[in-house]
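Some notes on the structure that comes next.
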């Protein structure tokens, strides 16, 4: 595959602008009528001694280090002993976030309702909330659901979702 000097400069400019190999492949076809396989585009970029930029890694939010027992706000799971969820104080709902998110979810955790019942919760990639109670058929009270939603919303906001 031979490109003119002008075409090589254009490819170099695309890479400095952060274009991925698939974008370069598409642009070569659209702008120059040069159809290449992905591997051929990769070899071309290598032959031109160019290196595509890596995408910026997502920003990681540091977790708080002090343990907090919250009445209506959640406690991050990384502040609790492994696998434990605090008991609600005075009929309050307590929400924790898992350190390791369950498969298929963007964030997950546990909730302890005011009546002592525990459930797992998760938000999937489409933003749907799922709640899986430990006791089959359990339904929390309307007040607990509202308190859970508010606490969860605060915790998810802290995480940047």
With the label point 7 Å along the Cα-to-beta-carbon line of residue 141 and a cut-off under 11 Å to each amide N, the hits in the stretch 95-125 are 114-116
Starting from 0.36 nm per residue, how many nanometres of slack lie between residue 5 and residue 48 once their C-alpha separation is accounted for? 14.4 nm
Stretchable slack from residue 13 to residue 131, in nm (0.36 nm times residue separation minus alpha-carbon distance): 37.6 nm
Multiply the residue gap between residue 35 and residue 117 by 0.36 nm, knock off their C-alpha separation, and tell me the result in nm, one decimal place. 23.5 nm
Going by a ≥ b ≥ c, the root eigenvalues of the Cα gyration tensor, does the stretch 5-47 fall in the rounded group (a/c under 1.5), the prolate group (a/b larger than b/c) or the oblate group? rounded
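Any read-out appearing in this document is the output of simple, stated calculations on the displayed coordinates, not a laboratory observation. Only a predicted model underlies this, so the values are computations on that prediction, with no experimental measurement involved. With ideal geometry, Cβ positions are generated from the backbone for all residues, glycine too; neighbour counts draw on all protein chains shown.
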